[in-house]
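The values are calculated or read from the model by the stated rules, or taken from the named source; none is laboratory data. All figures in this text were calculated on a predicted structure; none of them were measured in a lab. Methodologically, a virtual Cβ is constructed for each residue, glycine included, from the backbone with ideal geometry; neighbour enumeration extends over all protein chains shown. Accessible surface is based on the protein model in full, side chains and every heavy atom, while ligands, DNA and RNA are left aside. Shrake-Rupley method; radii C 1.70, N 1.55, O 1.52, S 1.80 Å.
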Amino acid sequence: MPENGEGPVLVADTIVAGYVPGADVLRGCSIEVRPGELVGVIGPNGAGKSTLAKAVFGLLRIREGTVRLHGEEVTNRPAHEMVRRGVGYVPQLQNVFPELTVEENLRMGMYLRPKAYAERSAAVEELFPVLAARRKQKAGSMSGGERQMLAMARALMMEPQVLLLDEPSAGLSPLFQDQVFARVKEINGAGVAVLMVEQNARRCLQICARGYVLDQGRNAHTGAGTDLLHDEKVIELYLGTLARVR
Ligand SMILES: Nc1ncnc2c1ncn2[C@@H]1O[C@H](COP(=O)(O)OP(=O)(O)OP(=O)(O)O)[C@@H](O)[C@H]1O
Ligand SMILES: [Mg+2]
């Protein structure tokens, strides 16, 4: 598929994967992300959302199904190859090196293109000004929200075409959640396609063009973010009655 074509940037088709032999966590789930799209993945705890992100990024072996990037099959390619091919990934947990400074963390994001560090760090610091003021600070001494900004900045250092975010707002204060969602929209507005896994389902669907509800390793619902937000079944099963009030 040519880069300027109409095809999706990323497709995960009928993925089966798991951690233990004989026990599948993902049981045939599928997602796609089109160029420039912001796509959300929601679902209950244990549904397989993080597992899907890991499997797509080459961190967990896919047993059945395929992953395609710009139409080219990349199933089970290692994570470093996915990075080289334009995929960024921010894990749910342990997504910065706490003993390293902000600058060192950003340099780790650039290990494949060290010469472009100056240019890329200037670009990401424009998006995350808080990091520019804290270059020499150890990541472990920053707040959870600041660390999340650093983790996203690190993934952006390699100029990905598609960014996988696993629960970027988890554990953050409402103020930092707002900031994270605002930055995600900004990153997406700059042309980066985003696949965002979120616990905060309502906030996620509010800003996503399309959303997927995963349940027990399978697609349960798919649709425009705002449609899912108002879908009676999705509200009842996944958003809670509070969603009706809003
Ligand atoms: N490293 C692991 N080893 C074994 N089982 C795992 C591992 N990680 C996750 N699992 C199991 O896989 C299933 C799906 O987990 P996963 O982390 O993908 O869920 P999730 O949808 O991201 O949930 P959450 O909303 O809590 O983050 C769960 O039953 C979980 O216990
Ligand atoms: Mg998870």
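For a test of the definition: using alpha carbon positions, the gyration tensor, and the 1.5 limit on a/c, classify the stretch 112-194 as rounded, prolate or oblate. Since a/c reaches 1.5 but b/c is at least a/b, the shape of the stretch 112-194 is classed as oblate. When only Cα pairs below 8 angstrom with a gap of at least 6 residues are kept, the stretch 67-178 shows a relative contact order of 39 percent.
Put a plus charge on the Cβ of each Lys and Arg, a minus charge on the Cβ of each Asp and Glu, and nothing anywhere else: the dipole of the chain about its Cα centre is then about 520 debye.
Express as a percent, rounded to the nearest 5, the fraction of DSSP beta bridges in the chain (both residues included) that run antiparallel.
On the way: 22 of 39 bridges.
The antiparallel proportion sits near 55 percent.
Across the chain, the mean sequence separation of Cα contacts (distance under 8 Å, 6 or more residues apart), normalised by length, yields a relative contact order of 26 percent.
Assuming a ≥ b ≥ c are the square roots of the Cα gyration tensor eigenvalues, decide whether the stretch 1-124 counts as rounded (a/c under 1.5), prolate (otherwise, with a/b larger than b/c) or oblate. Taking the square roots of the gyration eigenvalues as a ≥ b ≥ c, the stretch 1-124 is oblate. Considering only GLY71, GLN94, LEU52, and ranking their Cα positions along the charge dipole of the stretch 9-138 that arises from unit charges at the beta-carbon of Lys, Arg, Asp and Glu, the one farthest toward the positive end is GLN94.
When you restrict to C-alpha pairs under 8 Å that are six or more residues apart and normalise by the size of the stretch 132-246, the relative contact order lands at 18 percent. Using the Cβ-Cβ distance between ALA190 and ASP13 with R0 set to 25 Å, the FRET efficiency works out to roughly 0.35.
Accessible area per residue for the chain in Å², computed with a 1.4 Å probe and the full protein assembly in place, what is it? Before the final figure, lay out the partial values.
Details: 11480 Å² over 246 residues.
For the chain, the per-residue accessible area is 47 Å².
Please give the charge dipole size of the stretch 1-73, origin at the Cα centre, charges +1 on K and R Cβ atoms and -1 on D and E Cβ atoms. Round to the nearest 20 debye.
380 debye
Build a GNM of the chain with springs between Cα atoms under 10 Å apart, and of MET196, MET142, MET157 the one that fluctuates most is MET142.
Where does the charge balance sit around ASN188 when Lys and Arg score +1, Asp and Glu -1, over other residues with C-beta under 13 Å from its C-beta?
+2
Taking the 1.4 Å solvent-accessible surface of the stretch 101-184 as the whole, the part contributed by carbon and sulfur is 54%. For the stretch 205-216, putting each phi into the Karplus relation 6.51 cos²θ - 1.76 cosθ + 1.60 with θ = phi - 60° gives couplings of 5, 5, 9, 8, 5, 9, x, 10, 9, 9, 9, 6 Hz, in residue order, rounded to whole numbers and with x for Gly and Pro.
What number of lysine-lysine pairs in the chain show an alpha-carbon separation below 24 angstrom, given a sequence spacing of 8 or more or placement on distinct chains?
5
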